[in-house]
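To start, the structure under review is shown below, and the notes come after it.
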Amino acid sequence: GNALRAQDKLDAAADAYRRALALQPGFRVAHQGLSATLIAAGDPHGALEHARAGLDPHDAQAHYVVGKLLRGMNDFDNAGKLFEQAVAIDPAHAQAWARLGEVRGQQGEYEQSVQLCRRAIELDPELADAYNFLGLAYHNLDRMAAAELSHRHAIDLNPDDADAHHNLAAALFRLDKLDEAMKHYEIARELGVDPVKIQLTLGDILWAKRDFAGAMDAFRVAIEHDPYRAYARLMFNMSSSPAFTPDEWVEEARRYGEYLARDAVPFVHDRAARVAQARGRPLRVGFVSGDLRQHPVGIFLESVLARLDRSRIEPHAYVTFVVEDEVTARLKPGFASWTKLTCMSREQAAQVIHDDGIDILIDMAGHTNWSGVPIFGHKPAPVQASWLGFFATTGCGAIDYFIGDAHTLPADEAHHFVEKPWRLPDSYLCFTPPPYDVEVGPLPMAAGGGVTFGCFGKLTKISDDVVALWSRILHALPDARLLLKAFELGTGDLNQATLDRFARHGIGADRLILEGGSPRAEYFGAYNRIDIALSPFPYPGGTTTAEALWMGVPVIGMKGSRFVTHICESLLHAAGMAEWIAADEAAYLAKAVAFARDRDRLATLRATLRERTLASPLCDAARFARNLEDALHGMWDVYAKGEASAGDAR
């Protein structure tokens, strides 16, 4: 077997190893040789079986090989255990330290990933993989300058590492260094990186350059290789871009839905039997998400989950991403079960959910990262809905309802959705106040200075139209300043680019305060330095709007024309702040100037807004939980009666 494998005669080598194992089933060397042969032949599952069978408890390299196989299957938990065993056997095994660092990064332990990769580098300063994995950890910590340097170091050590070039392109894209990102994209493509990954990165770069036609072409090439992964990226970009009308978006979403319907085999549910099974017990409701953590989904779900009436709803979590944090720790006890879908195919995941007897399945991601929408195509539950995690139709015909409210789902926009709209009272969002002891400070302008406006959202939401309008506000109020706080502003290049954007409208650098990201408690404290928050448009702040109100800072928002552009409206209505919603740019400007000149009113709001917000429907988790329970039981009643989805009735 060894001789044949050395000659690349893989089939013959595999036969030889199998004959050896038939004669001596416990022959460890034959298991190891067969595993290596199957790896070369592209059979990782078969390779894993024999690698485990041939595992020497004292061989660090053997543990490392098994760990790599498990990592390749996205089984990060077990891969991590094997890498831990490898470094326990041989603490000088730099590659195992590096791979352990990569796995911890995949599990969301980014700081630990940094430390493990640095340990690998201490042992082997020439290990390119360690720098590459270190860069990925920095990327996820939003330390983009450090990510860039790490990937550059990896490339210096191994110029032919396609993944390192691709990862550098991704970091440069985040740093808005688009031309250089394109250069490393081209290198990665020539070196032969994953064709789907490379086309998606190309699409992202071209989209940022506003070459929408080129970006669409790139995404469509990716769709040919991996429709689910690529469609999600295409649809997310389209749904969050003003370059496409809702009708264009829905048309594309329907194409995705048609593909999904052709590819999926839906479960058939016996209505009478399912209704009988559910009678007299709480509805079993599954929540599919990769964001049950420090993320808007986790933030808006936490307080509601804690107040669901368990005699009416039995919640079950199905997680599509392994990152866990302090929010996860608070969410987990609220679920009757917690099932990881991360290492399952969509068919396997659908089977698990079906076998769990879930009555209503809720998508909480749409086409964002770690989407579970393909699972829904198999209809594992008789009633399915989308709520909280996305802001446009999924396109999936197997999802019955899209949950919103009267502001995000007005009747004249129902045609924007494949799903039937189901409208909750008040708002479709319920804000969970942060678990930080951050006091609301005095109004900054009360000290005698001018008004300080602020926006703490993503820099990508601040479009050219937003810069132009905010500049007009600053011109109308000569002593006003604008504080922009975003993780992207941690680097000099983007800071200067932002200053240049405002300079083109006659706003000097002295009128702007630019800050990068910060720890959560410090982030909330920064609200004590602004008087009024400005929500961008057409894509407004969601979480940041609620956070500003909690910190006593009123928010000016713009009325929108599609679900995502209505989110700030929904929050402000729920908080009793409808007067702060502008109908158009002229009204936005007028409100900003008028409110900025009413110091007494701002001072009163500063002293009372947190209490008002906490007492409003926006933060009334018990009230929201009853509304959500009623909605879910209403959906089940429609199903039980055999009616068509009656979303327009709500």
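Rule-based calculations on the coordinates, nothing more; no lab input. Keep in mind it's a predicted model, so treat the numbers as computed, not measured. Glycine gets a Cβ as well: all are built from the backbone with ideal geometry, and neighbour counts include every protein chain shown.
A few remarks follow.
- Put a dot 7 Å past the Cα of Thr460, heading toward its Cβ, do the same for Gln351, and the two dots end up 3.6 nm apart.
- When shorter helices are ignored and each DSSP H run of at least 4 residues is given -39500 (n - 2.57), the per-residue value for the chain at 222 nm works out to -16500 deg cm²/dmol.
- Percent RCO, i.e. relative contact order, over the stretch 444-619, from Cα pairs under 8 Å lying at least 6 residues apart: 22 percent
- For Arg623, the shell of other residues with beta-carbons less than 15 Å away shows a net charge of -3, using +1 for Lys and Arg and -1 for Asp and Glu.
- Taking 0.36 nm per residue of sequence separation and removing the Cα-Cα distance, the Arg19/His225 pair yields an extension gain of 70.4 nm.
- Phi angles across the stretch 318-334 convert, under the Karplus curve 6.51 cos²θ - 1.76 cosθ + 1.60 with θ = phi - 60°, into 3J(HN,Hα) values of 10, 9, 10, 8, 8, 5, 10, 8, 5, 5, 4, 4, 7, 6, 3, x, x Hz, Gly and Pro given as x.
- Approximate spin-label separation Lys183-Asp270, in nm, with each point projected 7 Å along Cα-to-Cβ: 6.7 nm
- Structure-derived log10 I(q)/I(0) by the Debye sum over Cα atoms at q = 0.05 Å⁻¹ - corresponding label in (1) -0.47; (2) -0.30; (3) -0.26: (3)
- Residue among Gln277, Thr320, His378 farthest towards the positive dipole end of the chain, charges placed on Cβ: Gln277
- Given charges at beta-carbon only (K, R positive; D, E negative), |dipole| of the stretch 444-619 in Debye: 200 debye
- Percent RCO, i.e. relative contact order, over the stretch 248-363, from Cα pairs under 8 Å lying at least 6 residues apart: 31 percent
- Which listed pairs, of Lys420/Lys641; Lys9/Lys81; Lys81/Lys197, have C-alpha distances above 23 Å, in listed order: Lys9/Lys81; Lys81/Lys197
- At most 16 other Cβ within 10 Å, DSSP loop - trypsin sites (Lys or Arg not before Pro), the stretch 276-364: Arg279, Arg310
- Computed from point charges on the beta carbon alone (+1 for Lys and Arg, -1 for Asp and Glu), the dipole magnitude for the stretch 152-290 about its Cα centre is near 1080 Debye.
- Computed about the Cα centre, the dipole magnitude for the chain is approximately 1080 debye when only Lys and Arg (+1) and Asp and Glu (-1) carry charge, each at its Cβ.
- Per residue, the average separation of C-alpha pairs within less than 8 Å and at least 6 apart gives the chain a relative contact order of 9 percent.
- Charge tally in the Cβ shell below 10 Å around Ser535, where Lys, Arg are +1 and Asp, Glu are -1, Ser535 excluded: 0
- Length gained on full extension, Asp637 to Asn74: 198.7 nm, using 0.36 nm per residue less the C-alpha separation.
- The GluC sites (Glu not before Pro) of the stretch 407-471 meeting both criteria, a DSSP state outside H, G, I, E and B (loop) and at most 13 other C-beta atoms within 10 angstrom of the site's C-beta, are Glu439.
- Net charge of neighbours whose Cβ lies under 15 Å from the Cβ of Leu136, counting Lys and Arg as +1 and Asp and Glu as -1: -1
- Once the Cα-Cα distance is subtracted from the 0.36 nm per residue extended length, the Ala88 to Ala497 segment shows a gain of 142.4 nm.
- Using the Cβ-Cβ distance between Arg254 and Gln61 with R0 set to 45 Å, the FRET efficiency works out to roughly 0.30.
- Label-to-label distance for Asp211 and Lys9 is 5.0 nm, based on points extended 7 Å past Cα in the beta-carbon direction.
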